[in-house]
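Encoded as structure tokens, the structure appears first; notes follow it.
Derivation of every value follows stated rules applied to the coordinates shown; laboratory data play no part. Bear in mind the structure is a predicted one, so any value in this text is a computation, not a measurement. Using ideal geometry, Cβ is built from the backbone for each residue, glycine included, and neighbour counts are taken over all protein chains shown.
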Amino acid sequence: MSGGPSRRVSIEKPVMTRNDEVAAANRSMFLDSGLFAINVIGSPGAGKTSLLEALANRFARDLAVIEGDVRTRRDADRVEKAGSPAWQIETGGACHLDAAMVRRAWMDFRETARGSRYLVIENVGNLICPSSYDLGEDVKAALVSLPEGDDKVLKYPALFSRIDVLLIGKMDLLNHLDADPDRLESECRSLRPGVTVFRISSKTGLGLPEFCDFIIRGREAKFRA
Ligand SMILES: Nc1nc2c(ncn2[C@@H]2O[C@H](COP(=O)(O)OP(=O)(O)OP(=O)(O)O)[C@@H](O)[C@H]2O)c(=O)[nH]1
Ligand SMILES: [Mg+2]
């Protein structure tokens with residue numbers, strides 16, 4: 001141990017600058033591949049993979065999915081079983097995906113996913129770390145489900161102030177809980193006035209046609225000449 005003077009070195013900015021550069025490269029790669037990309041962020045168990053299974057039922061091979069988890073390829077297996085090609089990233093411990101992980105995954109996956117029009121990336125389950133990493137997506141979406149409680153938006157402002165879409169999930173449980181979806185929506189609008197909100201249930205299908213239309217229209221707008 002040296003007894004000399006110490007100096008605090010900030011590495012956060014260079015790391016983020018590097019991530020932003022790779023994210024920009026991903027964005028042009030997705031553009032060249034004809035993909036409309038969505039990054040889905042939510043707590044463990046919020047219902048992200050269940051939503052992707054529903055999207056896989058609807059879009060089949062038009063949809064490609066990249067799954068992010070610390071371990072196992074359980075979620076990729078579920079999505080494949082539901083009808084869409086899926087690629088699993090196992091982070092081995094990291095609590096978020098970064099742009100380089102997604103880039104490497106797409107390089108390996110793109111042949112299998114050839115012809116897909118939509119790419120959905122399920123981020124590692126939590127509301128903190130994934131919020132600051134741009135992956136090159138067109139849409140950043142947060143899924144918060146009613147059983148988590150209706151107070152989460154203002155507790156995790158870094159995420160909810162950056163999203164384009166708020167998905168309020170497990171709406172089928174509304175009558176069994178005291179969570180208020182209006183509170184989630186209004187608190188999110190206070191941080192992010194232009195946010196698009198969908199109230200969904202992957203069990204009953206509530207709100208899923210509307211969310212699918214949003215995805216289809218988003219891609220049309222992106223590739224309109
Ligand atoms: N009632 C109800 N349960 C749901 C709904 N969506 C998901 N679930 C249940 O919630 C649990 C977690 O769902 P997942 O889709 O695995 O959640 P996840 O967000 O992908 O979880 P991680 O990948 O582990 O972060 C499962 O038991 C699902 O059946 C829904 O709309 N309504
Ligand atoms: Mg999942």
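Observations on the model:
- Estimated distance in nm for a label pair at ARG18 and ALA60, the labels positioned 7 Å out from Cα along Cα-to-Cβ: 4.3 nm
- Extension gain, ALA158-ARG103: 0.36 nm per intervening residue step, less the Cα-Cα distance, totals 17.4 nm.
- FRET E, pair ARG74, SER190, Förster distance 41 Å, beta-carbon r, rounded to 0.05: 0.70
- Comparing Cα centroids, the range 190-212 and the range 129-160 end up 14 angstrom apart.
- FRET efficiency for the LYS81 to THR204 pair, using the beta carbon distance and R₀ = 25 Å, is estimated at 0.75.
- Trypsin sites (Lys or Arg not before Pro) lying in DSSP loop within the range 173-217, provided at most 16 other Cβ fall within 10 Å: LYS203
- Comparing PRO85, PRO209, PRO181 in a Gaussian network model of the chain, where Cα atoms under 10 Å apart are tied by springs, the biggest mean-square fluctuation is seen for PRO209.
- Most fluctuating residue given options GLY47, GLY92, GLY149, as computed from a GNM of the chain linking Cα atoms under 10 Å: GLY92
- Kirkwood Rh, Cα atoms: Rg over Rh of the range 35-223: 0.94
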